[in-house]
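Working notes, structure below.
The values are calculated or read from the model by the stated rules, or taken from the named source; none is laboratory data. Note that the coordinates shown come from a computational prediction; the quantities given were computed from them, not determined experimentally. Heads up, the Cβs are rebuilt from the backbone with ideal geometry, glycines too, and the neighbour counts pull from every protein chain shown.
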Ligand SMILES: [Zn+2]
């Protein structure tokens, strides 16, 4: 499974939330969680990027606790301007990871094609 595609699916998910068309079900509907969570959160591109498991170090914690403390509904979606701000922060963070993965893939391709001379 292509990690870039998975993260692009995450960007799309948060865009739907921002547009008010979707809600966040956490692990159950997070594209990378569905594939990588497996109780130990192993190999997820978000975890690799932050260096921490379970989305620590991402804006997800702020979104999660704001939803629990200020709204407390089962469905996590946009209820107030702060929700919108946090959802946008999460979407931007996912975009950042997509960019990071694309850059990494491009670098790897450059190395493989031999355009970079081998180091000492
Ligand atoms: Zn809110």
(request) Among the residues of segment 66-78, write down those that are in a helix (DSSP H, G or I) and either near the ligand (Cβ under 9 Å from one of its atoms) or surrounded by 16 or more Cβ atoms within 10 Å (Cβ to Cβ) (or both). (result) 66, 67, 70, 71
(request) Could you please tell me which pairs satisfy a Cβ distance under 8 Å, a separation of 6+ or placement on different chains, a first residue in segment 71-83 that is touching a residue at least 40 places away in the same chain (Cβ under 8 Å), and a second residue that is more than 7 Å from the ligand (Cβ to nearest atom) and assigned to a loop (DSSP other than H, G, I, E, B)? (result) 75/23; 75/25; 76/23; 76/25; 77/20; 77/22; 77/23; 78/20
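Matching residues to (1) surrounded by fewer than 15 Cβ atoms within 10 Å (Cβ to Cβ); (2) modelled with pLDDT of 85 or more; (3) in contact with a strand residue (DSSP E or B) (Cβ under 8 Å, 6 or more places away or on another chain):
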site	(1), (2), (3)
19	yes, yes, no
33	no, no, no
38	yes, no, no
61	yes, yes, no
64	no, yes, yes
80	yes, yes, no
88	no, yes, no
110	yes, no, no
